[in-house]
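Each remark here refers to the structure printed beneath this line.
Bear in mind that the values in this text are calculations on the coordinates, not laboratory data. Model, not experiment: these values are computed from the prediction. Don't worry about glycine lacking a Cβ; one is built from the backbone with ideal geometry, like all the others, and counts go over all protein chains shown.
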Amino acid sequence: MKYDLKAFDSAVKYYEKHLKKFKKKNIFVVLDTNNEKAFFSIAPLSRAAHNLGCDMGVRVIQKTSKALNALVDIWNVFDDLEKGVKNNYTKALDDFIKSVDKKAKGKFRKLFKRPEVFVHANNNEFFTNQGFRMDFKPQWFKKYKWDKLLETGEIIWDQVYNLKKDEKVGMGFDLIMKASDMQYPLEDYFDSYAIARTMFVSCHANEKSMSTYSSRKTQLEDSERTSELASTILGCELEKNIDEPWFKKYKILSKLLKLERFEPANVTFFAKGEGEPGKHVFGESIGYPTPNKKSRWSSAGGIVFQLPWAPQTKIDSRAPVGRVAFTDTVPINIFIDTCHIDWFEMKRKNDALAKIANMSDKFIVESSKSNFEVHLIGKKGKRRIAMNSDVDVREKLDPLSLKKGIKAGTFGNIPGGEMFVTPEYIKGMFYGDVVISIDKSYALSSKNPLVIKCNEQGYKIVKGPKKVVDKINEKKKESMKILKMQEKNKSLPKDIIKLKKDNFNKIGEFAINTNPKAKLCNYLIINEKIAGMIHIALGSGFEEDRSGLYHYDIVINAKEQKLDIYGVKGNKKFWAMKKGKLIV
C-alpha cells in the first residue's frame, strides 16, 4: 500500500462522527478546482458517508458554475412549492413535475428535494448548511510517480483528444463506497484519485470541471437524486422545443429560471469503478424524442454523444455535442505503462487489422481449443465494417458515419489498442480464459474457462465458473426488465424495443488487441488491449442494427491457445496472427 491507510481510516472515523446525525440523508459537496486538499479529502469523506447509508454528489468547479447556480435555483423554487408559496415559478415547476409524474407515478417529484447536507469547501475547511465545520483530511494521500502521471495526461489530451483550449471539459471520478460494496482493491481506488487529479491538472482547456455521485449495485435501484436531477434538466433543456406536453411545461420553467445555464461538456473523460448509475426516471417513463419524433433516447447522454451504434443517431437530425473516453480504476503503474506510449503507432496497427477485416468475408480463428468463424457478410450482401481506430476521440464526428451521411459522435477507451468489428454472426466455439466484464471484471482461467458456443442465431453458454454464469444471467434479467418498463411506458419506440429484443442473445463484437505495453491484471479495460490477445462481446454491437441491452467483453489468451487468425476472401488469406503472435 503506497498510501497511509491508518490516516485514511482515522479520517473516515472523523467524518463519521460529524455526519452521524444525518444517516441515510443526501450530502452535496462543492469545492474549487484549485483546492487539492479538499479534493483528496473526498475519498475518506465519501467512505464515511456511505458507511452511514448516505448518498453523495460532488461538484468540483472553477470558482463558480452556471449549471450549479441553476440547480440551486430549482431547489429554492421547490422549497417554496413545498411550503405552499404560490407564484409563477412554483406553478411552472409544479405543472412540469405533475405532467411527468402521470407516467412516473410520483417518483419524479422526489428528485427535486434539496440535499439535506450542503457542504462547501473554503481555503481552510469544509463548512455546512447544518452549522458544523470539518477539517480537510488529505493526509492519507501520497504522491507517487506524479510527474510521470502528468506527462501521461499531456500525451492523452494531445494524441487521444487533440484538445483545444476553448473546449469545455467535464471529468468524472469515483467515490469510495463502504467496504462491503467494493471488490476491487482499495489501493486501486486511491490510485484513481491520483489519475483523475493529474488528468485534470494536465488538461489545458480554459473551462473544466469534475463531478461524481454514489453508484448503485443494479440498474433497477433509484439513482442518487442530485445527479439524476441534473441529468434530467440537461436532457429537457436539449428537448425544450419538442412539441410534447412535458417539454411545453418544461419550456415555461426553463424561461423563468434561465435553465439554458445547463450546458453539456464538449469533451468528457472519466474513471469508473464498480456499480451502476441506477434508474433514470424520466428516460424510462417518457424518453427524449428526436426532433422528427420518429425515435426517442433513453438518456440525456444519448443526445449529447449520439454514438454510431445507437439506432436513434441515424434518425436524429442534430449533431453530437461532445466526445467521450473513459478508463477504469486501474493502478497507476498500469495506467502509465499502457498510456505513456505512441498512440499514433498503435493506431497504425489497428488500421492495418481493420484493412484486413474490410477486405475479408470472414475471419477464421483456429487452435486446439477455440475454433470459430467470424462472418462479416450478411444474407443480403451487407458488409460489416471495422470501426475507426479506438485509440482516439480527436474529432467530434465519426468519419465512417459521415461517409454514410450520418452525424455520429466518437468514443474511446483509455488505454486503447484494438481493432474491433460487429460480426454478422460467429459460428463455432470459443474459450474465455482471461477475464469477463459484466458489472465489473471477473477473472477467468484456462482451468475453468467460460465456454461459449455460437451459431447464426446467437450464443449459448456451455460451461463456466458458476459465479460468472449466475452474474451474466442476473444482469441479463435486469436489462430485460428495464426494456419491458420502457416498452410499457412507450419511452422507446416499438422498432427499437423489437431491435433490442432481437439482438438480446447475439454476439456484438470481435476484436484483436494491439496495445504493446498492456499486461495481465484484474481489469478488463487493460486485458482487452493486450497485444497477442483477442476479445469477443456478448450482446450489443457497434452498428445501429445491432443495438442491445448489455455488452459483456470476454478476453481470450491468444498466445496461450496459440491462435491462428486470418481473413478470407475467396481463395485469398490475409494473416493477422500466427500461433498467438500479431504479424501486422
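Computed about the Cα centre, the dipole magnitude for the stretch 5-286 is approximately 1020 debye when only Lys and Arg (+1) and Asp and Glu (-1) carry charge, each at its Cβ.
Assuming charge only on the beta carbon of Lys and Arg (+1) and of Asp and Glu (-1), the dipole of the chain about its Cα centre is about 1540 debye to the nearest 20.
Stretching the chain fully between GLU276 and LYS463 yields a gain of 64.7 nm (0.36 nm per residue, less the alpha carbon separation).
Listed from fewest to most Cβ neighbours within 10 Å, the set LEU256, LEU538, LEU492 follows the order LEU256, LEU492, LEU538. With contacts taken as Cα pairs under 8 Å at a separation of at least 6 residues, the chain carries a relative contact order of 13 percent.
Given the alternatives (i) 41, 31, 27; (ii) 40, 29, 22; (iii) 51, 24, 22, semi-axes √(5λ) of the Cα gyration tensor in Å as computed for this entry is given by (ii). Averaging Cα coordinates gives a centre for the stretch 517-536 and one for the stretch 396-429; these two points are 18 Å apart. Can you pull the percent of Cα pairs in the stretch 5-286 with separation above 33 Å? So the portion of pairs separated by more than 33 Å is 24 percent.
Ordered by the count of other Cβ atoms within 10 Å of each Cβ, fewest first, TRP297, TRP146 give TRP146, TRP297. Taking amide H positions as modeled 1.01 Å from N, with prolines and chain starts lacking one, no residue 5 or more places away or on another chain lies under 5 Å from MET182.
Distance distribution note for the stretch 343-492: the fraction of Cα pairs above 27 angstrom is 40%. Each peptide in 195-207, 227-239, 11-23 receives the mean, over its residues, of other Cβ atoms within 10 Å, and ordering these scores from highest gives 227-239, 195-207, 11-23. Ordering 480-486, 435-441, 137-143 by mean Cβ neighbour count within 10 Å, with the highest value first, yields 435-441, 137-143, 480-486. Ordering 29-40, 78-89 by mean Cβ neighbour count within 10 Å, with the highest value first, yields 29-40, 78-89. Placing unit charges on the Cβ atoms only, positive for Lys and Arg and negative for Asp and Glu, gives the stretch 241-346 a dipole magnitude near 940 debye about its Cα centre. Each of ILE512, TYR550, ILE496 was placed along the dipole of the stretch 453-550 (beta-carbon charges, centred on the mean Cα), and the one lying farthest toward the positive end is TYR550. Here's the picture: a label point sits 7 Å out from the Cα of SER446 along the beta-carbon direction, and within the stretch 544-572 the residues with their amide nitrogen under 18 Å of it are 555-565. Approximating the spin labels as points 7 Å out from Cα along Cα→Cβ, the ALA179-to-ASP222 distance works out to 2.9 nm.
Helical runs (DSSP H, four residues minimum) scored at -39500 (n - 2.57) apiece and divided by the length of the chain put the mean residue ellipticity at 222 nm at -11000 deg cm²/dmol.
Fewest neighbouring Cβ atoms within 10 Å first, the residues LEU253, LEU499 line up as LEU499, LEU253.
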